Amino acid sequence: MAFLDDDTYLLTSEAARRIYKQIKDLPILDAHNHADVREIAENNHYTDIWQVEAATDHYVWELMRKRGVPERLITGDATNKEKWMALAGIFEDLGGNPTYEWIHLDLKRRFGINDLINPTNAEEIWIKTKEMLEKDSMRPRAVLREMNVEVMCSTDDPIDPLEHHEAMQDVEGMPAILPTWRPDKAMNIFKEDYPHYITKLSKRVQKEISTVDDLVDALQVTHDYFEDHGTKATDHGVRVPFGYEVSRDLANAVFEKRMAGKVLEPGESRDFMSYMMHRFGEMNARSGWVMQIHIGAVRDYRDMLFNNLGTDTGGDISDHLVEIVSPLKDFLNAFDGKLKVVLYCLDPGHYPSLATIARAFGKNVNLGAAWWYNDSPVGMQRQLEYISSVDLLMNFAGMVTDSRKLMSYGSRTEMFRRVLSDVLGKMISKGMLPEHVATKIAIHACHAGPKELFGF
Amino acid sequence: MAFLDDDTYLLTSEAARRIYKQIKDLPILDAHNHADVREIAENNHYTDIWQVEAATDHYVWELMRKRGVPERLITGDATNKEKWMALAGIFEDLGGNPTYEWIHLDLKRRFGINDLINPTNAEEIWIKTKEMLEKDSMRPRAVLREMNVEVMCSTDDPIDPLEHHEAMQDVEGMPAILPTWRPDKAMNIFKEDYPHYITKLSKRVQKEISTVDDLVDALQVTHDYFEDHGTKATDHGVRVPFGYEVSRDLANAVFEKRMAGKVLEPGESRDFMSYMMHRFGEMNARSGWVMQIHIGAVRDYRDMLFNNLGTDTGGDISDHLVEIVSPLKDFLNAFDGKLKVVLYCLDPGHYPSLATIARAFGKNVNLGAAWWYNDSPVGMQRQLEYISSVDLLMNFAGMVTDSRKLMSYGSRTEMFRRVLSDVLGKMISKGMLPEHVATKIAIHACHAGPKELFGF
Amino acid sequence: MAFLDDDTYLLTSEAARRIYKQIKDLPILDAHNHADVREIAENNHYTDIWQVEAATDHYVWELMRKRGVPERLITGDATNKEKWMALAGIFEDLGGNPTYEWIHLDLKRRFGINDLINPTNAEEIWIKTKEMLEKDSMRPRAVLREMNVEVMCSTDDPIDPLEHHEAMQDVEGMPAILPTWRPDKAMNIFKEDYPHYITKLSKRVQKEISTVDDLVDALQVTHDYFEDHGTKATDHGVRVPFGYEVSRDLANAVFEKRMAGKVLEPGESRDFMSYMMHRFGEMNARSGWVMQIHIGAVRDYRDMLFNNLGTDTGGDISDHLVEIVSPLKDFLNAFDGKLKVVLYCLDPGHYPSLATIARAFGKNVNLGAAWWYNDSPVGMQRQLEYISSVDLLMNFAGMVTDSRKLMSYGSRTEMFRRVLSDVLGKMISKGMLPEHVATKIAIHACHAGPKELFGF
């Protein structure tokens, strides 16, 4: 019953505990995260616990705001220590949210600290962790090794030179650190700085881009470049997964209109984005890459954050009304049998649409891990139970950390593996599944499954 | 295991029972109900169990209809005793619905009767309760005191003279009975009797209302009047929470068109309602009131009930397709940092949209209690688990009874507190939360939290 | 804890086990399935386990495809034995999906085989079951008797001559095998082969069909014919339950346009389908039949399956955005008090809309069993818990197998009864319901309830 107890945390049956023992030490395969690969390449010492646990993590920022912490102590000009003290001051208020568990798990597993964060011991934890971070065993590469990461996929813009990935390519004893090609900026034609991005892309590939064909060619150049660097997957963050069949001429007209500085109709953006998704599908089918589609995030909903701090700062939300079934149809059918697709959704109310699509499209289309707001014990449990009953757990695309902080890969993976074990343990207890079958499924879902799917 | 057992009802772990002990006797703060304040001011004896438990409660009516009881014995001209006997005749059929628990809890807690209602003992219960209702300890004020109600907020039209609230203002030993300003009738410009309502409002404030500015001024007069009577919040019942940024001139044109007796386009109603919501936001920001928005009820869906019995008689439903994210955006951003908002939704499928909005908008925007069809053990449990994982339980806006019958405030509150304890108890058992943190959160969510939020 | 253990499978409390004992032997009333009645009429021996368990079941096909089995070994020209060996080869991979439980339950209950299917024993099971299928006790009629089926309703096109139903009408010791009138083909005016179907209908009734009135008259003839054959219900499979009030002239114009070979606008199809639903409502109200509406299936979403194998082969999905509340309103109000309606939905996110509609419309409108992708232990559990809290379990329309294979009626019914018992057992354990009330509800929901509703 004790908080984060090794034997019982999230494991409510003996069967769950037995399964967890079989999977807890499997290497981590993380097909999607937001690692800063430079951090690993440089391998500098971390300075303090705030840097490690909160400085890059808008999950933490949002919760601090909810408890009334002033922005100065979150993303402002306060010192890291002041920020840590502010976080510790409200840390108990986060109880029940997975962030409360993740950070305590990090403390426990990475720092060996079993204390419960609170205002009284905040300073002591600050000091202890600061001391520990001076050790070489707490530098980025050592931490990755310690967490037994076998493969990790960062998320990268097509124009990224990938010099840090290159630097890590031949370092012995390190996980494979693979770039993921995420061409959102080349697709989001409705954005204000779109032409500016096209200019940057043009420079990157050293070719003029004046038609949609030029654009596709330029992107193919970067796609090839990523392939040379070991990429196995692309990633696409879309509010609506537009994938209608659209002609080249229509898409080109929209592209030229936009590049001429004109404002587009929503239908024009939809057409252009659909066209590009088909081209990405072709590139990926040729390369044998997996196409990951993250569906339904409404970005930058809160103006105050977007205007003051920019994107990815805590102003993104979910929308139950996002269209999925109709926009995806042409795309999935066009690439049926030729392309592997992993679908993620933000609103748990979209699982039925996605799970039945995955079921209908056979082995190539599968559901990804519970994403973002669903990445919690209750969110993962419900997703796994639902996938299991509609689709197959054996086809689950695997846990991804989606994390912006390296230190928490282990904790996020641990939470998932415990929940998976518990879901299966409950099925065993209810007589729905023999234990040896459940164990086989658990091992597969944690390692062999994603390994085979992504070709790691 | 026994039905409604003090120690085990809805409490499935020792930890849950320990937490419940810490919160069960906290005073009740009820920020939203449908109390008839005249009933309390007059403080007459209740006549019988039907009056107390069913005469004002369309929840009960609907369930009787589902079991085939004729309307005459529900809302018709039968005697209260006949109606009670009809209800008792099908009462066992309600098993599994929270109404079955609430009414039995009321019997147990308020009347000391532990019998299970059925046709055999219906008459006996009728007689016993009738006798007890003759005691002074069963008159409205005594019951409120017995239930330990500290603050209760009724729901009132802006033109209400609030004479009963005034009458109760200085009565010693009584809860604060605060009016809530609910201007739906001034906003629902699409309704047939809208001009008629404007005439009544005009009379109430003794000023002509010919423009939208007049309307806003008139409403401000009532807003001030409510403020003098201790109001801390407004309430808004909307199918779609229209809050688009709309110009005064556009809104005025719609208002004048409607007052001229013309029929509006849906887009015109949307514009007018959006404009008014912004004005309400301004009034509330100035007064420091909390704005409660109840989203998604489709009113009067069943013609037979609406035509024969009018509104609020059991013909309201939920619609999964209600728009929320887009219509709320302008409003929430316009008042970001200036206004406290509590969001309620009818369809549990809308929690992800609302919870992520609440998470993004920080401390001022929070989720309210599980509303109406969600106000059940399973509905509350799922809501609390979801809030907890996406947002924070510490930011929960507090239980509200939403009740149309005074006798059941205690039972509804008790059911909530037991479910909250159980949700937290389960987290403790799973090692997700230390018990002292859970207990702190439970106490906060039941008392200090809503007290601080509403400024009670 | 053992897999499919008689005492504990899906039954997690003593109370659940006690309730299950009370309902497990009740006769089966199955108001909706896809039985091939000819199979029963002919009463031939089944040839092998593949024929019995998989040859007609696209649930199995989809899961085999998900595990990468080639189509040849699923629906192709391989032998039944090859197909069975392919299925057995991936059978463990299906763990967690209800199909894993159903087929093992069938083996256990019908064949007395307790083995877990796997590649090693696949051949042995093939041989054992082949031998057993040669016994008379394993022929269709004997199996139906053995499963204690009292009434079963097949799903039939209006033009079906029902000769097999006739053949079974006076066979002693057999369940009542009642046809269900499902006029989807007469309503789906947007389909390519619609005029062809109208020609077939015209031939069947020996009357020309040139107006919508002719069409309605022709359908009425078949409705009468079905009534003579004992029909108690119709069934309607609709993506959107269009039921708007539409004039005869408008509907006729659309019908004539379509019969003239022209292409329709979506709004025209909607109008025509709405008009027809009202006519079906009238026919059913006159006959006292129950109208079953299956809402939300998006048919033939995967082109490869539709183009190669046709409809009902595994390419159907669910869509969270299906409209329900608005299109159903006119229809439900037009027939309020005159017609019994049972609503089924494919997306669990539509339960709140349906359950609140059922609650509002009283005794005549009720929720049907968890359909298709929801027909699993977790799907049924959540549906029953939700119905129970919003509507009433006493008004549940009863379990239906929806099955395409006769051998599994028992297993599907058993799974439902265990889940129902467990849901009620949990309520008893939590003190929400006295056991004798729960038991009464369970018995009613399994037998007396549907019997009374459908007039069996």
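Bear in mind that the values in this text are calculations on the coordinates, not laboratory data. If you're wondering where the values come from, they're calculated on a predicted model, not measured in any experiment. No Cβ is skipped: glycine too gets one built from the backbone with ideal geometry, and neighbour counts run over all protein chains shown.
List of remarks:
- Between identical copies, the spacing of B:Lys81 label points, each set 7 Å from Cα toward the C-beta atom, reads 8.1, 8.1 nm from nearest to farthest.
- The range C:137-153 - phi-based ³J(HN,Hα) in whole Hz, Karplus 6.51/-1.76/1.60, Gly and Pro as x: 5, 10, 6, x, 5, 5, 5, 4, 5, 4, 7, 6, 7, 8, 9, 9, 10
- C-alpha long axis of helix C:122-133 to longest principal axis of chain C, angle in °: 70
- Summarised as an ellipsoid, the range C:242-380 has semi-axes of 25, 24, 12 Å, derived from the eigenvalues of the Cα gyration tensor scaled by 5 and square-rooted, with the largest first.
- Counting only DSSP beta bridges whose two residues both lie in the protein assembly as shown, roughly 10 percent are antiparallel.
- Relative contact order of chain B, defined on C-alpha pairs under 8 angstrom at six or more residues apart (%): 22
- Chain A: angle of helix A:98-111 to the longest principal axis, Cα-based, in degrees nearest 10: 60
- Spatial separation of Cα centroids for the range A:167-235 and the range C:300-322, in angstrom: 35
- Panel values: the protein assembly as shown, Kirkwood radius from alpha carbon pairs, Stokes-Einstein at 4 °C and 1.567 mPa s, translational diffusion coefficient 39 µm²/s.
- In order along the range B:289-295, the Karplus-derived 3J(HN,Hα) couplings, from 6.51 cos²θ - 1.76 cosθ + 1.60 at θ = phi - 60°, round to 7, 8, 9, 9, 10, 9, 10 Hz, and Gly and Pro are given as x.
- Axis of helix C:212-228 versus longest Cα principal axis of chain C: the two differ by about 40°, to the nearest ten degrees.
- Efficiency of FRET between A:Thr120 and B:Glu150 - r from beta-carbon atoms, R0 30 angstrom, step 0.05: 0.45
- Ranked by how many other beta carbons lie within 10 Å on average, peptides A:388-394, C:50-56 from highest: A:388-394, C:50-56
- Out-of-range pairs (alpha-carbon distance over 31 Å; input B:Lys203/B:Lys232; A:Lys329/C:Lys363; A:Lys135/B:Lys426; B:Lys108/B:Lys430; B:Lys66/B:Lys405; B:Lys66/C:Lys405): A:Lys329/C:Lys363; A:Lys135/B:Lys426; B:Lys108/B:Lys430; B:Lys66/C:Lys405
- Sequence-distant residues sharing a close amide H with A:Val290 (under 5 Å, placed H): A:Ala233, A:Thr234
- Convex hull of chain C built on C-alpha atoms - directionally averaged projected area, nm²: 21.2
- In terms of other Cβ atoms within 10 Å, A:Leu346, A:Leu339 run from fewest to most in the order A:Leu339, A:Leu346.
- The range B:1-62 versus the range C:386-444: alpha-carbon centroid distance in Å: 28
- Under a 5 Å amide H cut-off, with hydrogens placed 1.01 Å from N, B:Val149 pairs with B:Ile28 among residues at least 5 apart or on other chains.
- For chain C, the mean residue ellipticity at 222 nm estimated from helices alone is -14500 deg cm²/dmol, where every DSSP H run of n ≥ 4 contributes -39500 (n - 2.57) and the total is divided by all residues, rounded to the nearest 500.
- Residue order for A:Lys185, C:Lys21, fewest other beta carbons within 10 angstrom first, comes to C:Lys21, A:Lys185.
- Per-residue Cβ neighbour rank within 10 angstrom, fewest leading, B:Phe190, A:Phe331: B:Phe190, A:Phe331
- Dipole of chain A, positive end: most advanced residue of A:Thr222, A:Val246, A:Ile74 [Cβ charges, Cα centre]: A:Val246
- Here is how far apart the A:Asp6 label points are across copies: 4.3, 4.3 nm, shortest first, using a point 7 Å from Cα toward Cβ.
- Phi angles across the range A:4-20 convert, under the Karplus curve 6.51 cos²θ - 1.76 cosθ + 1.60 with θ = phi - 60°, into 3J(HN,Hα) values of 6, 4, 3, 7, 10, 4, 6, 10, 9, 9, 4, 4, 4, 5, 5, 5, 4 Hz, Gly and Pro given as x.
- Taken residue by residue and averaged, Cβ atoms of other chains lying within 10 Å of the Cβ of A:424-430 number 4.
- Whole-number percent relative contact order across the range C:130-222, with pairs defined as alpha carbons under 8 Å at least 6 apart: 24
- Normalised by the number of residues in the range B:180-246, the mean separation of alpha-carbon contacts (under 8 Å, six or more apart) gives a relative contact order of 47 percent.
- In nanometres and ascending order, the distances from the B:Gly68 label point to those of the other copies are 5.7, 5.7 (point 7 Å from Cα along Cα→Cβ).
- Of all chain A residues, the one whose C-beta is nearest the axis that brings A onto C, in angstrom: A:Gly349, 3
- Stretched out straight at 0.36 nm per residue, the stretch from A:Asp77 to A:Ser137 would grow longer than its current Cα-Cα span by 18.6 nm.
- Mean projected area in nm² (Cα convex hull; one quarter of hull surface) for the range B:45-137: 5.4
- DSSP finds beta bridges in the range C:140-454, and of those with both partners inside it, around 10 percent are antiparallel.
- Near-label residues of the range B:283-326 by backbone N, under 20 Å of a point 7 Å along Cα→Cβ of B:Arg248: B:283-287
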